[in-house]
C-alpha cells in the first residue's frame, strides 16, 4: 500500500463505535482522531485555530465548519498521522466539512468511510440501559434524531463517491469486529487493484 490506511467511522450513539475504534487502532496501527481530541490539542498548543475554537466554545457556541476543518487539516498533516494513517471519529459532521476533507486529501486519499449500522430501536434500547437518571426517553430520541438529520447527508456524500461501507453492528463485539476487519481489508484490496490498473 502506497500510503497508510485512512478511515472515517460513523455510528449512532450506542452502536459500539468506541469499542470498534480501539480494535481498528490495534489491528491497523492507525491514529485515532476525534473532534474533541483535535480541538483540545489545538487549544493546548495555543495555536491561532485553538484560540479561535476556545473563544467559540467558551461562549457556548458550536465551532463552525471553517474552524473545525482547519483544526482537522492541521492534525492530519502531523508526522504521526502521515506515518501511520488515521481513523477519523466524529468528523466530518457536515457536507462542507466532508467536501473540505476530500479537497485537502485528494480524491483517492480515503480508503473507506465506515457506517457501523445498528437499527434505531436497538441503539435506543442500549442507551436506555446505560442512561443516566436525567437521560429521558425524549432526550435520547432527540439526540438520535439529530444524528440522523446531520449525518445522513454526509453518508450519502461519501456513498456517491464509492467510499461508504455499511457494516452490520448487530451481534457480539467479536462478530462486529470480524465484519469490520473484513470490510476494511476488502477496501484495501480494491484500492490496491485500482492503483495497479486493475491487474491481479
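Listing for the model above:
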quantity: Equivalent ellipsoid dimensions for region 103-146 as semi-axes, Å, which come from the Cα gyration tensor, largest first; calculated: 33, 12, 9
quantity: Residue-span extension gain [residue 150 to residue 138] - 0.36 nm each, minus C-alpha spacing; calculated: 2.5 nm
quantity: Separation of alpha-carbon centers, region 28-67 and region 110-124, rounded to whole Å; calculated: 25
quantity: Residues residue 170 and residue 192, FRET efficiency given R0 of 35 Å [Cβ-Cβ distance, rounded to 0.05]; calculated: 0.75
quantity: Rg(Cα) / (2.2 N^0.38 Å) computed for region 9-73, rounded to two decimals; calculated: 1.29
quantity: Structure-derived semi-axes √(5λ) of the Cα gyration tensor in Å: which label, when the choices are [x] 36, 23, 14; [y] 27, 24, 15; [z] 31, 17, 15; calculated: [y]
quantity: Theoretical FRET efficiency, 1/(1+(r/R0)^6), r = Cβ-Cβ of residue 64 and residue 130, R0 25 Å, to 0.05; calculated: 0.20
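Taken together, the values in this text are just the output of simple stated rules run on the coordinates, not laboratory data. Model, not experiment: these values are computed from the prediction. Cβ sites come from the backbone with ideal geometry, for glycine too, and all protein chains shown count toward neighbours.
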